[in-house]
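Undergrad: Sharing a structure below in structure tokens format, with a few things to ask.
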Amino acid sequence: MSRARWRGAGGALLGLLLFGVGILVAVLLLRTYTLPSSQLIWQGPELAQTELTPEERLQLKKAIVGAIRIPTVSVSEEELNNTALAEIGEYIKKVFPRVFSSSIVKHEVVAEYSHLFLVQGSDPSLKPYMLLAHLDVVPAPPEGWDVPPFSGEERDGYIYGRGALDDKSCVIGVLQALELLLKKGHRPKRSFYIGLGHDEEVSGHRGAMKIVEKLQSRGVKLLFVLDEGLAVLDGVIQGIKRPVALIGASEKGSITLNLTVNQPPGHSSMPPAETSIGILAAAVSRLERNPMPNMFGEGPEASMFEQLAGEFAFPLNVMMANLWLFAPIISRVLEQTPSSNAIVRTTTAITIFNAGVKSNVIPRMARATVNFRLHPGQTVEEVLDIVRNTISDERVEISVLNSFDPLPISPYDESNFGYQTLQRTIHSVFSAAPVAPGVCIGNTDSRHFVNLTDSIYRFSPFQLKPEDLSRIHGLNERISLEALERLTLFYYQLIQNADSDKVPVAHRATHEL
């Protein structure tokens, strides 16, 4: 072929390439700027905004302080503070007298320390829903706290103490909301349940599970369940400036394994080539160096980023709106920090390592405990297969202490009553914060309710900044009085919003090119 023809063919090829690039750019921009906006305009009348009176604010403050001061600590399934659990049961009776005396509220104690309430609505044809919270807290050694962890001390508008966020604020908030509604003479149209478990921090087997058994024996089916979980995140998601609310549409599964190695013991002066400790250390090192596969897009996390695409600045908004093209890049970026890495894969954590009794004795046995939190796209059996293949050493005995699969992904489409009612309430109470589905990386009592409904949501109605995340189960757990009031008003409005017999409908704005 002549040089002129080569030039002509090359020019035509370059033209086609530029044309293709132009088409791709146009498609990316068109999709980015025509996606539905997070701005919603709800049809139907809005509930009037309610504020607590000074007297009600003081009552709410006293309620949370008193609850924090009762050390309802759960250490293990066998080690609960039963005295404190009994005390908090008597405490809520005193603090919320209308809840316990109303003719439309039926209360019963379940498994000695959990509580089940049925608020009877005026229309029995409407399927009931359920609000969950839990009374127990994790241990809180005083070292490192600015104030004693069970003091309920107030500083600069914050109430400090174990349970302030997880989860006594929700216990107090939902009961206070019901107390206020009863005070105003409100009777809901739709019946609903309130379940307060007493052992959520150590499995919920004796609390939430017993509540479920009682409801199942009565043939109860639920429209939706709301439990603690994700929250309104302010500055937590990099690239988004304003607060966004994430509703947990699923939660991770869990596996806890013991890895055990038994080898002949001996004197440290004559060590073998490999000891029990060395073999086990190599096995757990392989687990850490070979993380579980990236599962981005196999759960609701892809929908989360896509629905929040309009909240990102350029060029992230284009990438989030076009995950069909950019998902591999986004998923690799998310792997870089522990909090976002937990969204995209099953995580591996070596939590306990036991071996040895004396410095000059080679021990017979070494044991490690490993905890995995399973991505919704994987099952227990799939993860166990990967663990066995990764360790690949028959000298390491693998035993399962406990396990359960990830929870099914609850619907979050526009036809689902529970999700849309939560979204409407969040928009009203949290200044029209954008709402998106997410994955709850912790486990909640709600996992026991899968046979009662397919719509289980995990949302704690308070706002969290990056520095607040470590306070949950950590040091200096706290909640502001303003946040506690807003949390209460969230439940107050949610109960009223749920009275509709139709799915809430909203118009979404669209981005214009």
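Undergrad: Hey, what number do you get for the chain at 222 nm if only DSSP H runs of n ≥ 4 count, each worth -39500 (n - 2.57), divided across all residues, to the nearest 500?
TA: On the way: 14 runs with 180 residues, N = 513.
Computed mean residue ellipticity for the chain: -11000 deg cm²/dmol.
Undergrad: With r as the distance between the Cβ atoms of residue 360 and residue 146 and R0 = 51 Å, compute the FRET efficiency 1/(1 + (r/R0)^6) and round to 0.05. All intermediate terms of the calculation are to be shown ahead of the outcome.
TA: Working: r = 44 Å, r/R0 = 0.86.
The value I calculate is 0.70.
Undergrad: When the Cα centres of the range 169-209 and the range 52-69 are compared, how far apart do they sit, in Å?
TA: Result: 17 Å between the Cα centres.
Undergrad: Counting other Cβ atoms within 10 Å, keep those with at most 15, restrict to DSSP loop, and tell me which GluC sites (Glu not before Pro) in the range 61-109 are left.
TA: Details: sites: 77, 78, 79, 87, 90, 108; in loops: 77, 78, 79.
Filter output for the range 61-109: 77, 78, 79.
Undergrad: Quick one: of 106/252; 221/241; 93/127, which pairs are farther than 29 Å apart, Cα to Cα? If you can, show how the numbers build up before the last one.
TA: Details: 106/252 33 Å; 221/241 40 Å; 93/127 27 Å.
Checking Cα-Cα distances, 106/252; 221/241 exceed 29 Å.
Undergrad: Note down the magnitude of the dipole of the chain about its Cα centre, charges +1 on Lys and Arg C-beta and -1 on Asp and Glu C-beta and zero elsewhere, to the nearest 20 debye. List each step's numbers first, then the result.
TA: On the way: 48 positive and 55 negative charges, 205 e Å.
So the magnitude is around 980 debye.
Undergrad: Along the positive direction of the dipole of the range 201-257 (beta-carbon charges: Lys, Arg +1; Asp, Glu -1; about the Cα centre), which of 243, 255, 223 reaches farthest?
TA: Result: 223.
Undergrad: Going by average Cβ neighbours within 10 Å, how do the peptides 266-274, 384-392, 425-433, 457-465 rank, with the highest at the top? Could the numbers behind the result be given before it?
TA: Details: 266-274: 9.7, 384-392: 15.2, 425-433: 19.7, 457-465: 23.1.
Packing proxy ranking, top to bottom: 457-465, 425-433, 384-392, 266-274.
Undergrad: So, one more: Assign unit charges at the C-beta atoms only (+1 for Lys and Arg, -1 for Asp and Glu), then state the dipole size of the range 251-404 relative to its Cα centre in Debye, rounded to the nearest 20.
TA: On the way: 11 positive and 14 negative charges, 129 e Å.
For the range 251-404, the charge dipole is close to 620 debye.
Undergrad: For 337, 444, 260, what's the fewest-to-most ordering of other Cβ within 10 Å of each Cβ?
TA: Details: 337 11, 444 26, 260 17.
By the 10 Å Cβ count, ascending, the order reads 337, 260, 444.
Undergrad: Where a ≥ b ≥ c are the square roots of the eigenvalues of the C-alpha gyration tensor, would you call the range 398-468 rounded, which needs a/c under 1.5, or, failing that, prolate if a/b is larger than b/c, or oblate?
TA: Working: a/c = 2.88, a/b = 1.48, b/c = 1.95.
Taking the square roots of the gyration eigenvalues as a ≥ b ≥ c, the range 398-468 is oblate.
Undergrad: Between the range 447-506 and the range 77-136, how far is it from one alpha carbon centroid to the other, in angstrom?
TA: Here the two parts' Cα centres lie 18 Å apart.
Values quoted throughout were computed directly from the atomic coordinates according to the rules given, and no laboratory measurement underlies them. Note that the coordinates shown come from a computational prediction; the quantities given were computed from them, not determined experimentally. Reconstructed Cβ throughout: ideal geometry from the backbone, glycine too, with neighbour counts over all protein chains shown.
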